[in-house]
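Data first, discussion second: the structure below is written as structure tokens.
The values are calculated or read from the model by the stated rules, or taken from the named source; none is laboratory data. This one's a predicted model, so the numbers in the text were calculated from it and none came from an experiment. Neighbour counts are summed over all protein chains in view; Cβ atoms, including those assigned to glycine, are modelled from backbone coordinates with ideal geometry. The accessibility values were calculated without ligands, DNA or RNA, using every heavy atom of the protein model including side chains. Shrake-Rupley method; radii C 1.70, N 1.55, O 1.52, S 1.80 Å.
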Amino acid sequence: MRACALLRGPQDTPAVLLDAGPEFRLQALRADIRRLDAVLVTHSHADHIHGMDDLRIFSREQPLPVFSDPECLHDIRNRFDYVFKKTQEGGGKPKFELIPVTHGESIQAAGISVMPLALFHGNLRITGWRFGDTAYLTDCSRIPEETFSLLKGIRKLVIDGLREKEHPTHFNFRQAAEAAFRTGAGEVWFTHIGHERRHSEIARWCETWAAGKKTPGGKPLRLAPAWDGLRIPVTL
């Protein structure tokens with residue numbers, strides 16, 4: 001399914017969603033999501049926000065905070081204009097509180113400290129996210145130098161790795177692996193993966209590329225393709 005992620009702790013603790021693509025409802029049912037307290041949006045392409053209408057069930061009591069850069073929030077306001085207009089309720093509609101972020105300046109999302117990071121998706125400037133020892137960088141083809149500085153100390157990384165062949169707006173496997181290795185993260189997963197290769201084939205490619213490579217701490221690099229339902233322990 002489309003790339004997204006959920007940051008949550010034990011039951012009845014805050015939960016933060018990263019992007020809401022067209023299959024969000026199916027993903028939410030499968031993951032047994034019973035609460036959401038904030039949403040972090042990477043960019044406004046359809047495969048990352050066109051499930052936002054299904055957030056209505058999580059915003060009945062109060063508006064759901066939605067964080068992203070100002071350009072992305074402008075697109076959300078236009079794409080879901082009915083949310084912000086006074087209309088008949090009918091079956092209800094989601095309630096959003098759109099909150100702009102500045103790349104490189106930490107925010108509090110549902111009480112969790114999160115760092116928005118500048119990325120480039122082709123020529124489009126978008127947002128990656130760091131929380132504790134982990135970073136989520138989807139849909140990128142270039143990472144600015146200032147963002148590499150803000151990634152120092154991460155241990156785990158989810159990064160855009162579309163396919164083997166180069167692409168104008170996404171990292172291919174080699175580019176993603178090289179960028180990930182530069183961050184110093186010891187555990188790395190590709191996301192936003194295409195369908196030209198089977199999961200097992202991509203896993204073999206990752207194992208071959210990572211063979212013999214070590215992190216700054218001297219541990220072997222672990223590189224693998226992500227999968228639907230993957231769980232990654234995060235230290236905040």
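A few remarks follow.
- Each of MET115, MET52, MET1 has its accessible area taken with a 1.4 Å probe; listed largest first, they run MET1, MET115, MET52.
- About the Cα centre, charge dipole magnitude for region 1-62 (Lys/Arg +1, Asp/Glu -1 at Cβ), debye: 120 debye
- Paramagnetic label zone (point 7 Å from Cα along Cα-to-C-beta, ASP75; backbone N under 19 Å) in region 100-120: 100-104, 116-120
- The residues neighbouring MET115, those whose beta-carbon lies less than 14 Å from its own, together hold a net charge of -2 under the Lys/Arg +1, Asp/Glu -1 convention.
- Working note: Karplus 6.51/-1.76/1.60 with θ = phi - 60° gives region 211-220 the couplings 4, x, 8, 10, 6, x, x, x, 8, x Hz, where Gly and Pro are set to x.
- Equivalent ellipsoid dimensions for region 97-146 as semi-axes, Å, which come from the Cα gyration tensor, largest first: 20, 13, 9
- Descending semi-axes in whole angstrom, ellipsoid equivalent of the chain, from the Cα gyration tensor: 31, 18, 17
- Computed about the Cα centre, the dipole magnitude for the chain is approximately 480 debye when only Lys and Arg (+1) and Asp and Glu (-1) carry charge, each at its Cβ.
- Computed magnitude of the charge dipole of region 123-164 (debye, nearest 20; Cβ of K, R +1, Cβ of D, E -1): 100 debye
- Since only VAL41, THR127, LEU17 are under comparison, the one whose Cα sits farthest along the positive direction of the charge dipole of the chain, derived from C-beta charges on Lys, Arg, Asp and Glu, is LEU17.
- Under 16 Å of direct C-alpha separation, and excluding same-chain neighbours fewer than eight residues apart, LYS156 reaches these aspartates and glutamates: ASP133, GLU178, GLU187.
- Gap separating the Cα centres of region 97-150 and region 19-57, nearest whole Å: 18 Å
- The gain in end-to-end length when the ARG25 to GLU145 segment is fully stretched comes to 39.6 nm, 0.36 nm per residue minus the alpha carbon separation.
- Label point distance in nm, GLU178-ILE232, each placed 7 Å from Cα along Cα→Cβ: 2.2 nm
- Summed side-chain charge close to PRO100 - residues other than PRO100 whose Cβ falls under 15 Å, Lys, Arg +1, Asp, Glu -1: -3
- Antiparallel DSSP beta bridges within the chain, as percent of all bridges there, nearest 5: 45 percent
- Taking the charge dipole of the chain about its Cα centre, with +1 at Lys and Arg Cβ atoms and -1 at Asp and Glu Cβ atoms, the residue from GLY218, LEU117, THR138 reaching farthest to the positive side is GLY218.
- Per-peptide average of other Cβ atoms within 10 Å, ordering 194-203, 149-158 highest first: 149-158, 194-203
- Computed packing ranks the peptides 209-215, 2-8, 183-189 as 183-189, 2-8, 209-215, most packed first, by mean other Cβ atoms within 10 Å.
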